[in-house]
Every structure is written in structure tokens, then in C-alpha cells.
Amino acid sequence: MAKHKHWGGRLYLIFAFALLYTPILYLIYYSFSSGTNMSTFKGFTLSHYQTLFSDSRLIVILLDTLLIALLSSLVATIVGTMGALGIHTLKQRKLQNFILSLNNILMVSPDVIIGASFLILFTTLGIALGFGSVLASHIAFSIPIVVLLVLPRLKEMNGSMVDAARDLGANRWQILSKVILPYILPSIFSGFFMALTYSLDDFAVTFFVTGNGFATLSVEIYSRARQGINLEINALSAIMFIFSILLIVGYYFINQYTQSRRNKRQRGGAYLQ
Amino acid sequence: MARSETILALQHVYKYFDDFLALDDVSFTLDQGKFYSFLGPSGSGKTTILRIVSGLILADKGQVLFDGEDITNLPAEKRKVNTVFQNYALFPHLNVFDNVAFGLNLRKVPKSEIEDRVADILRVTRMSGFENRMISELSGGQQQRIAIARAIVNEPRLLLLDESLSALDQKLRQQMQYELRSLQQRLGITFLFVTHDQEEALAVSDEIIVMNDGKLQQSGSPVDIYDEPINHFVADFIGESNIVPGTMIQDFEVEFVGKRFECADAGMRPNEAVEVVLRPEDIEVTTQDQGKLVVQVDSQLFRGDHFEITSHDEDGNQWLIHTTNSVEDIEKVGLNFTPQALHVMRFGEEEEDFDARLSQYEEGDNTES
Amino acid sequence: MTTLNHKTRQWSYFSLYFIWIALFVIAPVALIIYQSFFGLDHQLTLANYKNYLSSAVYLKMTLNSFVYAFLITLITLVISYPTAYFLTKLKHRQLWILLIILPTWINLLLKAYAFIGIFSQTGAVNHFLTFMGIGPQQILFTNTSFVLVAAYIQIPFMILPIYNSLVDIDPAVIQASHDLGANNFQTLWRVIFPISINGVRSGVQAVFIPSLSLFMITRLIGGNRVITLGTAIEEHFLTTMNWGMGSTIGVILILIMFLTMTLTSGTRKAGTRKNHGKA
């Protein structure tokens, strides 16, 4: 009976994964079609990839998108980590929770609201829409996730470790640089990583705050997709899919590495000399 | 041992946590080169004292003197005191060598000297060869040794140990008690050990300071504290005891359970209400007609090296007896004890008066204080 | 002296973070509320709210948004719960969970774009329907296609919190349930599901709120029509340039969001939401 149930589960999972991946594979499949639509596969060609690589407008947009992602994640990680450190040092629980709720507002707000309200903000402040406003927005919506990823790691940190460092003569800066930061480094990395994903993934907020002259990949895809099917976009999807897989494989191995170190620690307690 | 100089003194120290009075007028002095234990139940304030000495928290009132110097408001990183933390607080991102070298690196000690000193200390703590291990790869006992090594490599004058053995299992714990004791004697550093385990404190210390409710109760050698507890709390907390209410008829004569007994205590008012302590191992079981007291046996447990008998007298007082011979169940037996086995405690006596009274009336064994 | 040091250190950590909170959290919310009281003529007015409350179009749109968000959430939940449950039974769960996360890293726009092909007159679904003898149907640019695509995109965000809450369940609890005589179904219904309810709550929050305001899927898949609050806001801000009205709808959306959060919060642990991506 248990065996039977097992198979039901497997079958269901196959269905679920098929559901998740079919549209993506569908896109990639047609990127090799020499036709002009996603209805019939006309014959194998790489011409869409050629068009893609010679599309200098798209390449500029791609570089801009990557630049925005890297810069915004970097700044968001620094500000978010400092914020988490600040929240952690607060003594009053209530104040901590209050700041955390402010922190989470951007996490739960719908993208449309974030985009619209940032648009009002930039206009009110007289900031021109374009690279600057998009960068600022991406920094802004990435900060809270960094805080949310770093803070639990800080909480997990044994408070007596800081006491021990002081006891051994470390001043405040040395405590931060030699004890706290090395300890929370993995969570800072995942914060950076998450900020990167947020930035690369964002469409709605960018759509609101980008001016006429500047576009990220998402905005560009949107405007092209609204004009109908263009297999150059399919080629782009295929490349982005490969890129995502590479990223996720990297992430998986980093995860495995930290995981195995953690396991080692647990095992360590079990054996006595 | 020669009487040595004072290294640490606390004078009338108070500490509040919000409204809670954690330390209530605490004063004591520690001498160079001895092993001290602060003993008390959790919440008694012993860890608070430790943190005030280390500088991790500051006293609200009173003074902390180290080597005669006022360090009351000196932050932890500037004190010549190091701590072995309860859960070791080793740095998981550093290996054994870097953990031990942490304090020396901060003080910019030359590299070659650091290497020598770390190697020395690892030899002393029997952890040579573990330099490149990560903390996560060490067992509990090994982590314990590294925590000690990390503290003493800085050559503190005073080493604080915060419940440092409580995370270990029984067997390892006893082994570490021996090691701590011999380490302290070899290094000659003053140890201030905080524990709630009375057996541990009795085993390792030169002097024990018993605390309760933020106040010092009694200090003295383990033997003194065990044999002559000052009050009900100390008698009850240290070792096992039978404590019964009684009346001091006159010097060297006390009455309880309706009978008068010869005892070794004196210096109280005639007919003063007192409490009488009788340790279970000081009681001898005999026949009913030979005993000074007759009790009804309730139950008997075999404890390996002795039998533990619970019983009650005709007044309903419980008597706990440790004996090497078993008795038959549900039987009336006689209890015998010497006058020296009885210890009489006055209600609310201060330690100073207690010590004065004892040294006045007790012949033979002079108490060291 | 030390307390003063302590204070200044705290503020130095906080300075940039506080600037961020003031500028990008408090100011935008304040501005959108402020803006909602201005008409096209830049006069202070309650007209936008009056307009909203008396307009059948807006009220119907709000109701529609609700119904769509509800349907999207329901479909997502029905597909996701069993997936999350069966995932916990697998070996190498970490790897499989990464495969669930992977699609969220493909740009949202690309996934929506894929459905333009799949749902088109001559697309894969219509090929299938023709094959079944039903004949080609208009799927693209219908409300159904909008709901299906939105649900598809949200599935991973529902699976992850549910999976996390299921994985946390102590196996001994399940053994205890069997020991006390519960069969598999009873264990699932009376033990596992109630314990995982917090994960379901988080998932519902993570899906329902964004679903209220989706606008690009509506535009690309649902036909170029204004059918949800999200599209209405986008329309007012970027096409008709009536920011006052757009802000008013925004404020209403924020209110609905808080309402949803309160209704689904329960005793949810903080910070369990959306830790793996963003819709």
C-alpha cells in the first residue's frame, strides 16, 4: 500500500514539474524554428540567435540591466546589513518590531503601488527619470530582503561570542570586523544574491520609474511582446534560462558546502576523544 | 599556604536589572593564587558578579578594585581578566590556533611569540596537534580545553569560569574538575569559578562563597561550609541534611524532638529558638533501646556505596540516613550520633557574628577566613 | 559614558538605513495618500474618492479584482499543496526544491510571453483541442487565460512556504498519530494540515496580494483591457496621467492589502513570507 501511494505521489510530481517547465521549454523549442510564430516548427535554425547577438540595442539594454542589478544589490546589501546590525543592537523588543514592520512594507506592497508611489516621489523631488531613478528604486526594494536574511543569522549568533571578544580585548570595531561580520557573511551573501534576483526579475517598478530613454530587459521584452511574437525573444529566453541554471547550480553547491560544514559541527558533538 | 596579597575586592556592590535587585550590597576580597567558587542556585546573582568583575556589565553602586586599582567603570576589553564562558563562546569561523591567538593578535604581539605561546598553552591543555581543526570538529571536552586555553594564553591575573563544566557529561565533568584544579595549581592564577553544582564546588575550591537572592550567605573552606553552615539555606543547599527546629537550653545543650542532647555549640541566649543540622552520614543506626532517637523506617534505597534510608520520628520530622548496613523494612530503629555531629544554627545571624562566635567557643579547629 | 558611545554607535549603523526608511518607505506612502486628494486641476478635493465610491465601473473592477485574485489563489493552492507534500517525501529534497525555485528566476515577462504562443489561435492548446475534436477556441485575451497564467506564475511562491512548514514537522508527531490509530488520510487531515496551516497562510498572502494588482499579465494575456485595480492604476499613472485618481485606487489597494494581511495573519511567524523570490 505504501508503495502504491509512493507512485501516486511521483506521478503527481511529474505532472507538477511538467506544468512548471512546459512553457519555458516551449519557448526554447521555438527559438530554433525558422518560422515566425510559435505554432508550427518550420525547421532548425540558429538565425534568431544571430539576430540577437547583432542587436546592439538589446545588448546595451542587457549591459544596463546587469549594471543596475550589480550596483543596486551591492548598495542594498551594505545598507541592509547595517540596518540589520542596528536593529539587532536595539534593546526594546517593541521598537525592533516597529522598525521591522516599516522594513516589511516594501516586501508586502504590490509592485504597482511601489512603482506608482516612487514615481510620485521622484517627480516631487524633481529627479529626472532614467538610470538614476531606476537604480534608486532597485536599491530601495532590495534593502528589506537583505535585512530579513541577515537579521536571523545575527539572532542565531551566540551573544557570549561578542562578550568573549570583548573579554579578550577587542574594541567595538574589532568585534564587528573580526567576529560579527565573518560570522554573518553567509547571510550577507545570500542577501546580495537575493537582491540580484529581485533586480533582474523586476518589471513593474522599473516600468513606472523609467523614462523614455532608458529601459531594462524586462521593459524591453514587454514592449516587444506587446507587438506580438518575435522569435528573437525566444532565443533570449533560452540564453537566460541557461544563465539561470548556471546560477542555481552555483547556489546549490555553495549551499551544499555550508550545509556539510554545519553537519560536521553536529557530528563533532557526538564523538568524544 | 602563605597568606598572599589581595587581587580583587568588591565593596558594597549593587546591581539592578530594571526593578529587580540582582546584587544586594556585595563585598568580598579574593587573594592571589587561590581557587574560589561562587556557589548558588540559578538567579542568585553569581553570574552577575562574574560579569561585573569581567567588565561586561558595570555595577550600579559600589566599587571594584583590582590590584588596589579602581576598575569599577573600566570596560571589559581593558581589564586584565579573562573568562571561560558557559557555552565556551568559541569563534566558529576560526580554527583552534586562531581562536587561541585571538587576544594576542589584538594586542599586536609579534607573530613568532604568538606561535610559541599558543603552542605552549595547547601543550598545557593537552591539545597539541589540533591547531588547524575547526571548532565544529571538536568534541565537548576539547572545546572546553580550547576555551580555557584561549583565556589563559593572555596570562590574566584572574581567570573567570562561568558554569564552565555544566555542558559536559558526568564522567568528563569529573575528569575536567581534576584538570582544572591541577591547571590552577601549576599556573598560580587566581580562579573564580561560578557553579550551581555544590559537589563540584566542594571538590575543586580553596574557598567557597555561597550566594542566594543577590546576597552573600557564607564564605569559607569547603570543609567549614559543609560542617558549619550558617543558616538553613546553606545547610540545605550544600550536601544533604536533616534540619529540625529546636531550643538552645544552655551552652553545649540543645533540645529537639522533646529530648535534650549534648552538642558542640555555644554562645547563644538560653532557651533561644534554633535550628539543628544533622548530616545523614553522621547518623548511626542501632537498636531501639541503644539509640538517642527512635524513628520509624519508611523506605530504603540502595545507592551503590551506601543505603539511603528515609524515616520519621514521633513528632513527624523526616530523617535521612546514609548507612552501609541495610535495615529491614517497616521497622523501628534507634539513631545514634556524637555531640560533634550536631550543628546548631541561630535565626538571622550575620556571617561576621557567626565567625566571631565560632572562633570564641570552638576549641581545636580554627577557622580560616 | 559607555551608554553614550553605545547610542552613537547605534545611530551610525542606522543612519543610511533610516534615510532609506524615511525616503522610500514613509515618504512614498505619505505621498500617494496626499496625491489621492488632488484632482486633475491640482485642487485639493475629495472628488476622487466620491468618484470611486459612486462609480459602478470602479466598484465592479474592485469586485472583479477580488474574484480573480481569489480564483488565482485557489487554483495555486490546489496545485501546490500536494506538490509540497510529495516533495517532502523525496530524497535530495534540496535539489528538487531548487528546481521549483528555478522557474521564478526566468523573467516573468518571458513566461507570460510563452503563453501568447501556447494559447494563440494556432498554438499548442488549440492544436490539442482540435485533435480532441472540440475545435480551436479563443483562449488568449480572455479572463480565463489571465487567471491561468497568473496562477502558473504564482505556483512556486505557494509551494515554498507550504513546503517549509511541512518539512519542519517532527516525524515523531506523524508516528504518534499512526500509533493513536489514525490512518494516512486522518493523519493528513487532522495532524499534518493543521500544523502546516501557517505555511498555507504565508502562501496565500504571497499570492493573493500580488494577484490583486497584476497589470502586465492582464495587458499581455487578458487582452488590452482595464479589468483589475492594477491595470487601473497603471492606466491612470502612465496613460491618462490622472495621478490623483490613480493614487486613490492605490490607497484603496493598500487598505485591501492590510485587510488581507490581518485576515490571514493568525499566529504566523514573522519573516516566513516570500523568502525565495518576488512575484
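Since every read-out is calculated from the coordinates, none of them should be taken as a lab result. Keep in mind that what you see is a predicted model, and the values were worked out from it rather than measured. With ideal geometry, Cβ positions are generated from the backbone for all residues, glycine too; neighbour counts draw on all protein chains shown.
Partner chain Cβ atoms within 10 Å, averaged over the residues of B:243-254 - can you pull that number for me?
That average works out to 0.
In debye to the nearest 20, how big a dipole does the protein assembly as shown give about its Cα centre with +1 on each Lys and Arg Cβ and -1 on each Asp and Glu Cβ? Don't jump to the answer; show the numbers that get you there.
On the way: 70 positive and 80 negative charges, 1587 e Å.
Here the size comes out at about 7620 debye.
Any chance you could check the Cα centroid distance between segment B:163-202 and segment A:125-204 for me, in angstrom?
Measuring centre to centre over Cα atoms gives 41 Å.
I need the calculated FRET efficiency for the pair B:Y16 and B:A203, taking r as the beta carbon distance and R₀ as 25 Å, to the nearest 0.05. List each step's numbers first, then the result.
Values: r = 34 Å, r/R0 = 1.35.
Calculated transfer efficiency: 0.15.
Would you mind computing, in nm to one decimal, how far apart the modelled labels at B:K332 and C:I26 are, each placed 7 Å from Cα along Cα→Cβ?
The answer from the label model is 8.3 nm.
With 10 angstrom as the radius, rank A:S73, C:S213, A:S190, A:S177 by how many other C-beta atoms surround their C-beta, starting from the fewest. All intermediate terms of the calculation are to be shown ahead of the outcome.
Values: A:S73 25, C:S213 31, A:S190 21, A:S177 11.
Least crowded to most crowded, the residues run A:S177, A:S190, A:S73, C:S213.
Mind listing the phi-derived Karplus ³J(HN,Hα) values for segment B:135-152, rounded to whole Hz, using 6.51, -1.76 and 1.60 with θ = phi - 60°, and x for any glycine or proline?
So the J values, rounded to whole Hz, are 4, 5, 9, 9, 7, x, x, 5, 4, 4, 5, 5, 4, 5, 4, 4, 7, 7.
Sort B:E314, B:E115 so that the residue with the fewest other Cβ atoms within 10 Å of its own Cβ comes first and the one with the most comes last.
Neighbour counts put them in this order, fewest first: B:E314, B:E115.
Suppose a student asked you for the relative contact order of segment B:158-237, using Cα pairs under 8 Å spaced at least 6 residues apart; what percent would you report? Please list the in-between numbers first.
Details: 81 pairs, mean separation 19.5, N = 80.
So the answer I get is 24 percent.
Using only helices, what value at 222 nm comes out for chain C when you add -39,500 (n - 2.57) per DSSP H run of length 4 or more and divide by the total residues, to the nearest 500 deg cm²/dmol?
Taking each H run of at least 4 residues, the total per residue is -21500 deg cm²/dmol.
Using a Förster distance of 25 Å, how high is the FRET efficiency between B:D315 and B:E253, based on the Cβ-Cβ distance and rounded to 0.05?
For R0 = 25 Å, the calculated efficiency reads 0.85.
Under 19 Å from a label point 7 Å along Cα→Cβ of B:H306: give me every residue in segment B:169-209 with its amide N that close.
Within reach of a label on B:H306: B:198-204.
Could you list which residues have their amide H under 5 Å from that of B:F38, counting only those 5 or more apart in sequence or on another chain, with H placed in the peptide plane?
Hits under the 5 Å cutoff: B:F193, B:V194, B:T195, B:I209.
Would you mind giving the mean number of other chain beta-carbons within 10 Å of the Cβ of each residue in B:165-174, as a whole number?
1
Would you work out the charge dipole size for segment B:232-361 about its Cα centre, treating the Cβ of every Lys and Arg as +1 and the Cβ of every Asp and Glu as -1, and quote it to the nearest 20 debye? Could the numbers behind the result be given before it?
Values: 9 positive and 28 negative charges, 52 e Å.
Once rounded to the nearest 20, the dipole reads 260 debye.
Between their Cα atoms, which of A:K94/C:K91; B:K80/B:K111; A:K91/B:K111 are more than 31 Å away from each other?
The pairs that break the limit, which is 31 Å between Cα atoms, are A:K94/C:K91; A:K91/B:K111.
Under the definition of partner shielding as Cβ atoms of other protein chains within 10 Å of a residue Cβ, what is the mean value for peptide C:208-214? Let's see the in-between values first.
On the way: counts 0, 4, 6, 1, 2, 9, 4.
Across the residues of C:208-214, the mean count of other-chain Cβ atoms within 10 Å is 4.
What relative contact order, as a whole-number percentage, does chain A give when Cα pairs under 8 Å and 6 or more residues apart are counted?
Working: 235 pairs, mean separation 81.0, N = 273.
Rounded, it is 30 percent for chain A.
Cα centroids of segment B:16-57 and segment B:280-344: how far apart, whole angstrom?
Their Cα centres are 38 Å away from one another.
Whole-Hz ³J(HN,Hα) for each residue in segment C:83-93, computed from phi via Karplus 6.51 cos²θ - 1.76 cosθ + 1.60 with θ = phi - 60°, x for glycine and proline: what do you get?
Using θ = phi - 60°, the values come out as 4, 4, 4, 5, 4, 5, 8, 7, 7, 6, 4 Hz.
May I ask for the distance between the Cα centers of segment B:118-141 and segment B:218-244, given as a whole number of Å?
39
Short version: ³J(HN,Hα) in whole Hz for each residue of segment C:38-44, in order, from phi by Karplus 6.51 cos²θ - 1.76 cosθ + 1.60 (θ = phi - 60°), x for Gly and Pro, what are they?
With coefficients 6.51, -1.76 and 1.60, one gets 10, x, 4, 8, 6, 9, 5 Hz.
Using a 10 Å cut-off around each Cβ, can you sort C:F185, A:F214, B:F66, A:F41 from fewest to most neighbouring Cβ atoms?
C:F185, A:F41, A:F214, B:F66
Would you please report the Å³ per residue occupied by the convex hull of the alpha carbon atoms in chain C?
In chain C, the Cα convex hull volume per residue is 212 Å³.
If you average 1/r over all unlike Cα pairs in the protein assembly as shown and invert the result, what Kirkwood radius do you get in angstrom?
33.6
Can you tell me the orientation of helix A:56-89 relative to chain A, as the angle in degrees between its alpha-carbon axis and the longest Cα principal axis, to the nearest 10?
Long axis of A:56-89 versus the principal axis of chain A: about 20 degrees.
Where both residues lie in the protein assembly as shown, what percent of DSSP beta bridges are antiparallel, nearest 5?
Among the beta bridges of the protein assembly as shown, antiparallel pairing accounts for roughly 75 percent.
Using only DSSP helix segments of four residues or longer, with each worth -39500 (n - 2.57), what per-residue ellipticity at 222 nm results for chain B after dividing by its residue count and rounding to 500?
-7500 deg cm²/dmol, from helical runs alone.
So what is the relative contact order of chain C, in percent, for Cα pairs below 8 Å that sit 6 or more residues apart?
Relative contact order of chain C: 26 percent.
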